[in-house]
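None of the figures in this text is laboratory data; all of them are computed from the coordinates on show. Predicted, not measured: the structure shown is a model, and the values here were computed from it. Every residue, glycine among them, receives a Cβ derived from its backbone with ideal geometry; neighbour counts consider all protein chains shown.
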Amino acid sequence: MVWVDDPKEIVLVIGIIWGAIFVALRGLIQNMVGSLILMVTRIYRIGDRIQVKGVYGTVMDIGVFRTTLMKLDEESGDHPTGQITTIPNGILFRETITNTSRELSFRGDEIRITLPFSANIQKTRELLVDIVSRHTVEIQDKAAREIEHMSDRKYLPEFGTEPTVFVHLDKHQILMVVKYYTESSRRAEIKNGIVEEISQVIPGILDVER
């Protein structure tokens with residue numbers, strides 16, 4: 001039998017033990033609670049494309065403790081890299097999660113082309129808008145409907161869905177950036193089609209950045 005002169009010492013020891021147990025199990029508890037929150041709130045679902053803490057990929061599985069992702073290469077138009085990674089479900093308490101698939105089926109994208117100073121800026125701008133519009137006309141209409149539908153439930157700033165071209169002049173060349181909305185699930189396919197036509201139709205291109 002152990003005798004303790006001061007009962008406060010027992011309380012202190014018990015508190016230290018419980019504190020150590022809580023610290024050891026905190027991550028486990030957060031992951032379990034995170035899993036329950038995901039089930040209820042549906043922040044992301046299997047098949048969604050999410051970005052969290054520098055990791056971007058398609059959700060393959062949502063387990064009790066961890067979520068499995070197929071990593072995507074955003075630079076190449078969301079092409080699967082073949083790399084599979086996992087993130088703890090408790091990460092939603094610590095990091096911002098961006099879901100590019102939820103509620104809106106489209107997302108912004110851009111293509112950069114470099115031209116010599118001798119290029120006709122106005123004509124090139126018109127060609128870019130025409131090419132991109134033909135590849136994304138259905139997406140523009142769908143995006144407009146989705147925006148209108150969402151604005152009935154949530155605040156959304158007004159913005160158009162048509163392609164826009166920005167021009168930047170350098171000392172030796174012209175940089176033109178065309179921004180447009182594309183279907184999230186077909187981003188790579190749509191971008192490849194646009195780039196191929198731009199390369200064939202617009203003369204004098206020095207470089208195309210996807």
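Take the chain, connect every pair of alpha-carbon atoms lying under 10 Å apart with a spring to form a Gaussian network, then pick out the residue of Leu104, Leu72, Leu156 with the largest mean-square fluctuation. Of Leu104, Leu72, Leu156, the Gaussian network model singles out Leu156 as fluctuating most. Within straight-line reach of Lys142, meaning a Cα separation under 26 Å, sit the following lysines at least 8 residues removed in sequence or on another chain: Lys154, Lys179, Lys191. Note on Gln122/Glu189: beta-carbon distance plugged into 1/(1 + (r/R0)^6) with R0 of 30 Å gives a FRET efficiency of 0.50. Among Phe159, Phe93, Phe65, the largest mean-square fluctuation in a Gaussian network model of the chain, built with springs joining Cα atoms closer than 10 Å, belongs to Phe159. The relative contact order of the chain comes to 20 percent, based on Cα pairs under 8 Å that sit 6 or more residues apart.
Among Gly160, Gly82, Gly54, the largest mean-square fluctuation in a Gaussian network model of the chain, built with springs joining Cα atoms closer than 10 Å, belongs to Gly54. Tally Lys and Arg at +1 and Asp and Glu at -1 over the other residues with C-beta under 13 Å from the C-beta of Thr136: what net charge comes out? Its environment carries a net charge of -2. Between Glu162 and Val129, the simple spin-label model (points 7 angstrom out along Cα→Cβ) gives 0.6 nm.
Angle of helix 121-151 to the longest C-alpha principal axis of the chain, folded into 0 to 90 degrees and rounded to 10: 40°.
Considering only the other residues whose Cβ falls under 13 Å of the Cβ of Asn31, what net charge follows from Lys and Arg at +1 and Asp and Glu at -1?
Working: positive: Arg26, Arg66, Arg94; negative: none.
So the environment of Asn31 carries a net charge of +3.
With a Förster radius of 35 Å, plug the Cβ-Cβ distance of Gln200 and Lys171 into 1/(1 + (r/R0)^6) and report the FRET value to the nearest 0.05. The partial results should precede the final answer.
Working: r = 29 Å, r/R0 = 0.82.
E(calc), rounded to 0.05, equals 0.75.
Between helix 7-41 and the chain, what is the angle of the helix's C-alpha long axis to the longest principal axis, kept within 0 to 90° and rounded to the nearest 10? The two axes meet at around 30 degrees.
If the segment from Glu75 to Glu138 were pulled out straight at 0.36 nm per residue, it would be longer than the present Cα-Cα gap by 20.3 nm.
At full extension, Arg145 and Thr86 could sit 17.8 nm farther apart than now, given 0.36 nm per residue minus the alpha carbon distance.
Would you please give the FRET efficiency between Arg107 and Ile29, computed as 1/(1 + (r/R0)^6) with r the Cβ-Cβ distance and R0 = 45 Å, to the nearest 0.05? Please report the intermediate quantities before stating the final value.
On the way: r = 34 Å, r/R0 = 0.76.
E(calc), rounded to 0.05, equals 0.85.
Normalised by the number of residues in the range 77-165, the mean separation of alpha-carbon contacts (under 8 Å, six or more apart) gives a relative contact order of 31 percent.
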